[in-house]
Structures are given as structure tokens and as C-alpha cells.
């Protein structure tokens, strides 16, 4: 087959392309606003990145010309700064849980109960002794989970593996002993969800 002249091939190619583009026109018209918006958004993000790059270079230059002073805000305090009130237990490396204090009393309710350890009934007793004394006559699930030693977060992690009767026993035990509102709410909500299944 003989090859058509260059001009004819060019005209046929242009006509086919025009026909194809005409068929795509309705879709192109619908997509055009989204295309424009995405191109504008891309341009704005590029400008923001360029500006941020300039600011970083400016910061580096200023920092090299004028080194920052090591200043600490008056309100900022760190554990290393608090030399006063360091106890022998702190010096010995004992595990100490730092909790907010109000009027000399640790906060173990509300949002602070999540990470607080339960208070022992008698301050002079060790945690182990208090746990053993508190679990006398306690339901089996209390002893099994070592419930007296659980924080709210630890209890929440164990709830999914417990059956409704165990949850009810824990709730009854909590109500009869410490009656901590966050623990009661957590147990009651879990009982409701487990019973609904």
C-alpha cells in the first residue's frame, strides 16, 4: 500500500483528534471546575511550601548571626529544677507516681484516676498487705485480676475478656468498698454493652 502524502495524513489526524475531543467535551466541561480548583489548591500549597522554606532559611541565618540565649520562662518548671522536697525514696530510685496534689492530698478522681494507684486503707501498710487484707471475702474475680492494684486504664484493657457475671461482681465489689465514680461508670457501661449483645 502506498503511503499518503504528508499533508493528507496531517489533515486526517487533525480531523480524528477533533472528533474525539468533541465526543469528550461534555465530560470535560463537567470536570473543568474541579480541575481548576485542584490546580489552584496545588498552586497555593506550592506557594506555602516556598514561603515556609524561605522562613526556615531566614531562621537559620538569624540563628547563626545571633545565637539564641538559653532562657527558661518563669512558669516553666522541670523535675531537675525542683531540688526541694526530694525524699530518700526518690534518691533510692524507688518507683514514684507523680500525681497532681490539692491541699496536700493526691487526686485520684476524675481524669487523674486513669493513672492513679488505689490508696491503701491504712497508710502504714504496704501495697501487698493492703491488697491481701482488702480481698478477704472478695469475689474470686477480684483476687484473680488483682483488682485492688489496677488503675482505670488497666481495668479498661481487661474488660473485654470478662463475662457479665464477673463484671457485675466487680461493680458490686467497687460499690461496697471504695465507690470510685470512674470505676463504677466504666464497669456499668461495659455491663450495658455486654448485655446488649
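Read-outs throughout are calculated quantities, based only on the coordinates presented, and are distinct from any laboratory measurement. Here the structure is a predicted model, which means the values were calculated and not measured. Virtual Cβ from ideal backbone geometry, glycine too; neighbours counted across all protein chains shown.
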- Task: Name the shape class, rounded, prolate or oblate, that the alpha-carbon gyration tensor gives for region 1-69, where a ≥ b ≥ c are the square roots of its eigenvalues, rounded holds for a/c under 1.5, and otherwise prolate holds if a/b is larger than b/c and oblate otherwise.
- Result: oblate
- Expected sort for 183, 19 with the fewest Cβ neighbours (10 Å cutoff) up front is 19, 183
- Message: Going by Cα centres, region 173-197 and region 1-70 are how many Å apart?
- Response: 58 Å
